Amino acid sequence: MILTPNKPVPPRWFGELSGKKVLCLASGGGQQAPILAAAGAQVVSFDLSEVQLEKDRLVSDRDGLGIQCIRGDMANLSVFPDAEFDLIFHPVSNVFVPNVAPVWRECYRVLKSGGSLLAGFMNPAFFLFDHDSESNTLTVKFKLPYREPESLSEAGRVAVEKGGRALEFGHTLESQIGGQLSAGFILRDLYEDYWSDEATPLNAYSPTSIATWAEKRDF
């Protein structure tokens, strides 16, 4: 199980999964949700992409895993009541929301007391550089926090519009880690991870992503 490109999540972050209610948040694709369901968890896969959800349905139906798939926005979990889940698994995906604070608040609300939020996200430094440059060199080009389309040049905006890819946002550590703390979580552990040299030359110099284990505590 991975929250970031390569490094496995420590088993102790999960604890005992059998019988737990798990929300796979914006992590559709037929990968994490089926593994958690096969380990005995009651899994809900919640994703904005119907294509990604269909992959979870395919594996669930094929292997009889009973995964419930729901389409929706990660920043709006109003379809779920308070204190519904024991664990939320949220791999690198909040790069697609302009404001990450509502995501953390909603995660806190739908978790039971003592429940865990396992989240992966991009190192903010990643967004300083133009990773599409043909020169394969690292040159600081963008100001943080990174926001599309505002951070893009006119040519970049046109390319995004024509390509049809989702807009991306580079959040600060204050909003990623500090945002979890502001929502009420306590931070239990974290680690950094690298990507690949093919994905970005930054990989040779710095971790490109971070994973956190946070816990809900009602005081």
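The values are calculated or read from the model by the stated rules, or taken from the named source; none is laboratory data. Since the structure is predicted, the reported quantities are computational estimates derived from the model, not experimental observations. Heads up, the Cβs are rebuilt from the backbone with ideal geometry, glycines too, and the neighbour counts pull from every protein chain shown. The accessibility values were calculated without ligands, DNA or RNA, using every heavy atom of the protein model including side chains. Shrake-Rupley method; radii C 1.70, N 1.55, O 1.52, S 1.80 Å.
Assorted remarks:
- Once divided by 2.2 N^0.38 Å, the Cα radius of gyration of region 127-219 becomes 1.32.
- Evaluated with a Cβ-only charge set (Lys, Arg +1; Asp, Glu -1), the chain carries a dipole of roughly 480 debye about its Cα centre, given to the nearest 20.
- Residue of 132, 193, 82 that the Gaussian network model of the chain assigns the largest fluctuation, springs spanning Cα pairs under 10 Å: 132
- Among beta bridges that DSSP assigns inside region 36-144, antiparallel share in %, nearest 5: 10
- Residue 141 accessible area, assembled protein chains, probe 1.4 Å, Å²: 120
- Mean residue ellipticity (222 nm) of the chain, computed from DSSP H runs ≥ 4 via -39,500 (n - 2.57), nearest 500: -7500 deg cm²/dmol
- The packing ranking of peptides 152-158, 72-78, 121-127, highest mean first, is 121-127, 72-78, 152-158, where packing means the average number of other beta carbon atoms within 10 angstrom of each residue.
- For region 103-219, the per residue solvent-accessible surface stands at 53 Å², with DNA, RNA and ligands left out and a 1.4 Å probe.
- Environment charge of residue 37, counting only residues whose C-beta is closer than 13 Å and scoring Lys/Arg +1, Asp/Glu -1: +1
- Each Lys or Arg adds one and each Asp or Glu takes one away; over the other residues whose Cβ falls under 13 Å from the Cβ of residue 165, this sums to -2.
- Region 1-54: GluC sites (Glu not before Pro) in DSSP loop, at most 10 other beta carbons within 10 Å: 16
- Largest to smallest accessible area among 108, 205, 146 [probe 1.4 Å]: 205, 108, 146
- DSSP beta bridge pairing in the chain, given as percent antiparallel to the nearest 5: 55
- Pairs beyond 29 Å (Cα-Cα), from 55/162; 7/112; 21/55; 55/143; 20/55; 143/216: 55/143; 143/216
- Placing a pseudo-label 7 Å from each Cα along the Cα-to-Cβ vector at residue 196 and residue 38 gives an inter-label distance of 2.2 nm.
- If the chain linking residue 166 and residue 70 were pulled fully straight, counting 0.36 nm for each residue of separation and taking away their Cα-Cα distance, it would gain 32.6 nm.
- Protein accessible area in the chain, 1.4 Å probe - carbon and sulfur %: 53
- Within the chain, the proportion of Cα pairs with more than 29 Å between them is 27 percent.
- Across region 3-113, the mean sequence separation of Cα contacts (distance under 8 Å, 6 or more residues apart), normalised by length, yields a relative contact order of 28 percent.
- Using Cβ point charges alone (K and R +1, D and E -1), the dipole size of region 107-198 about the Cα centre works out to roughly 560 debye.
- Net charge contributed by nearby residues that have their C-beta within less than 12 Å of residue 69 (K/R +1, D/E -1): -2
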